[in-house]
Amino acid sequence: MNKTIKTELGVIEKVTIESMKFLYLEVPNYIENQKNAWPKFEDHFPSLTGRKMYGLDYGESKIYRVCSLVLENDEGKNFGLKQFKFEGGTYMRLRLKFDPPELFEKIGSAYDFLISEYEESIEWSLPMIEHYKAKNILDIMIPVKNKVY
């Protein structure tokens, strides 16, 4: 069993992210672009019910992908979006549990904290991930080399 670390922001745990297929919209990686991209992305779907939403931050290439898992009931529809397969990897996950807008205000601090704690172990070839679990739960994940604790 992985050990967990409790912090003021939330609980940190090492997790393995499996391969996933995403529908996505790609924007230049700046906070304002990210904020503007979400409503545009969500408008592509007839309903958000059952959608699992992710943000993938490809830091060095300055790209941010607003994503949703491809669902079985999508029946091959892309809803006017591009599709790609994410291969997965090993991540350190910090689970934030706050009500909006405080939840969104904690994102930068969560990334800063994880990067400072695991800087020597970050796998920079993989994206950092935001997984929007619920209205008040957000997982911030940074990719790490497998040997981290």
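Nothing in this text is a laboratory measurement; each read-out follows from the coordinates by a stated rule. Just so we're clear, the structure is a prediction, and the values are computed from it rather than from any experiment. Positions of Cβ are generated from backbone atoms using ideal geometry, with glycine treated the same way; all protein chains shown enter the neighbour counts.
Some notes on this structure:
- Close amide H contacts of N29 (hydrogens built in the peptide plane, cut-off under 5 Å, sequence separation of 5 or more or a different chain): I63, Y64.
- Principal-axis tilt of helix 107-118 within the chain, Cα atoms, nearest 10 degrees: 40 degrees
- Across the options M128, F22, P101, the greatest Cα extent toward the positive end of the charge dipole of the chain (unit charges at beta carbon of Lys, Arg, Asp, Glu) belongs to F22.
- Reference-scaled alpha-carbon Rg (2.2 N^0.38 Å with N residues) for the chain: 1.03
- Linear extension gain, S125 paired with I5, 0.36 nm per residue minus alpha-carbon span: 40.7 nm
- Relative contact order (%) - criterion: Cα under 8 Å, at least six apart; region: the chain: 29 percent
- Theoretical gain in end-to-end length, K82 to K97 [0.36 nm per residue, Cα-Cα removed]: 2.3 nm
- Annotation: amide H-H contacts under 5 Å for V11 (H modelled 1.01 Å from N, sequence separation of 5 or more, or interchain): R95.
- Spacing of the two label points (7 Å from each Cα toward its C-beta) at F104 and H44, in nm: 2.0 nm
- Helical contribution to [θ] at 222 nm, DSSP H n ≥ 4, -39,500 (n - 2.57), averaged over the chain, rounded to 500: -5500 deg cm²/dmol
- Structure note, pairs K40/K82; K82/K135; K3/K135; K82/K145: Cα-Cα distances above 21 angstrom occur for K82/K135; K3/K135; K82/K145.
- DSSP-assigned coil residues among trypsin sites (Lys or Arg not before Pro) in the range 21-118, each with at most 12 further Cβ atoms within 10 Å: K62
- Loop-located chymotrypsin sites (Phe, Trp or Tyr not before Pro) in the range 14-68 (DSSP state not H, G, I, E or B) with no more than 15 neighbouring Cβ atoms inside 10 Å: Y30.
- Computed about the Cα centre, the dipole magnitude for the range 40-122 is approximately 300 debye when only Lys and Arg (+1) and Asp and Glu (-1) carry charge, each at its Cβ.
- For the range 50-149, with +1 on Lys and Arg beta carbons and -1 on Asp and Glu, the positive-most of F86, L69, F113 along the dipole: L69
- Taken about its Cα centre, the chain carries a charge dipole of roughly 340 debye when the Cβ of each Lys and Arg holds +1 and the Cβ of each Asp and Glu holds -1.
- Stretched out straight at 0.36 nm per residue, the stretch from S19 to D74 would grow longer than its current Cα-Cα span by 18.0 nm.
- Spin-label model distance (nm) - R51 vs E32, 7 Å beyond Cα toward Cβ: 2.4 nm
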